[in-house]
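Below is one structure, written out as structure tokens; comments come after it.
What follows is calculated from the coordinates using simple rules that are stated; it is not laboratory data. None of these values were measured; they are calculated from a predicted model. Backbone-built Cβ (ideal geometry, glycine too); neighbour counts: all protein chains shown.
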């Protein structure tokens, strides 16, 4: 609004202040109609005074127009203009004797000009309204087209172009104000299998719900967009690597919490995502470098078992470990070489041993204490299975499952596995996920598939208060019950921030104390008998000098 309109704004505001209890439109009509009534009254009173009548007509018309404009009731002002024109015409037609001699033609011209002016003004106003409506529709269409150009049609999230534009803006702000900025890059695990097995409708539902769940746990000001295919990008302004890691973990947990595509597939599908994380300055300074670093971290998460969060810093640490890089490359390249010239039985045996060897090598490189613990648990579990009287095949299977029971910990953050102080409740929940992650790792190894139930359930409790599925009693696989006893016996004799070191006898007493609540009493009894027999054999063995 220009400065010339300031007086009108002032008058309008004063009128509204004086009559605050009435609706503005009602006030406008009330004032305009009052003026017209006064005009008619005065027109009758001054019946013999032509000059006064003309003055009243002109003055009231102008006053009506001005007040109508001030009160934003222009339609009422035009109506009064039209009525005034009718009044002038009536004056000309029915009282010509009252007119000044020679002025009759002027009255007619005034009435006709007033009518024509009113009609033209009304038409122009209607045309202006139509133009304004057309302009609003055009502006709305332009906004819609702009939004569609920056929105992914399937998920409703910002698309690749919008994400890149937003990343550029956020990075400029981070540079200008010396703030942190983190980038998450993630995609759906085994998404091709979903499309191939259940069709693209189910795949589309999976992507939509993954986007919705991820968006639901973000902070105000964060941005999530579909980068392409099953890939998503999340921008976390003012979030350092630690805070971004917590947000990434919330996203991962929200996606894995419940099945997706329940309308398309009966019972739904269990969806997981692998997330890579990079942070401005710590991992790069440009958009492309940050995205590349986050993408490589996501790829590392997939190689280490999926359904986890990995950082660009961990990628650099792994790349510095030449032996581990070579090992992972060998795992990926062996399949084609070993397939040539082997029978199906030989291939099964080769792949089983190779898979087992590769997983144990990765575990050892990650944490030698985990590796030593795994071998000790495998020895005890195998001994229990033999004492139980199980077949050779079942005994071997239990021994292998015990060897890999903690393989999921290779996907747990280093700070949790190696933490020297007791874990918080949230950290304990994160660590507990290693059982499920271990089962997921074995899903990628078809020749170790029969070990999954034992690995997944080895932290279930006899009383049903274990995890992850809260199984109880004999609903827990026997292999898992055996591994639980063997693992606890070895863990009690190792130093940790959660407990003091126990002697073998104290560890066995602890097992008996928890029999019937945490452990299967029958397994504890078999193991106890086995340990007593082994001790007796040691004591009765001749001393070799």
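Using the Cα gyration tensor of the stretch 138-240, with a ≥ b ≥ c the square roots of its eigenvalues, what is the shape: rounded (a/c below 1.5), prolate (a/b larger than b/c) or oblate (neither)? It is oblate, given that a/c is not under 1.5 and a/b is not larger than b/c.
Shape of the stretch 199-243 from the C-alpha gyration tensor: prolate (a/c of 1.5 or more and a/b above b/c, with a ≥ b ≥ c the square roots of its eigenvalues). Exposure proxy ranking for 227, 191, 185, based on other Cβ atoms within 10 angstrom of each Cβ and starting from the fewest, stands as 191, 227, 185. Here 467, 135 are placed in order of increasing Cβ neighbour count within 10 Å, fewest first, which gives 135, 467.
Quick one: grab the alpha carbon gyration tensor of the stretch 160-314, order the square roots of its eigenvalues as a ≥ b ≥ c, and give me rounded if a/c is under 1.5, else prolate or oblate depending on whether a/b is larger than b/c. It comes out prolate by the Cα gyration axes.
Note on 177, 280, 299: ascending count of other Cβ atoms within 10 Å places them as 177, 299, 280, the fewest first. Looking at the stretch 160-314, the DSSP beta bridges with both ends there are about 85 percent antiparallel.
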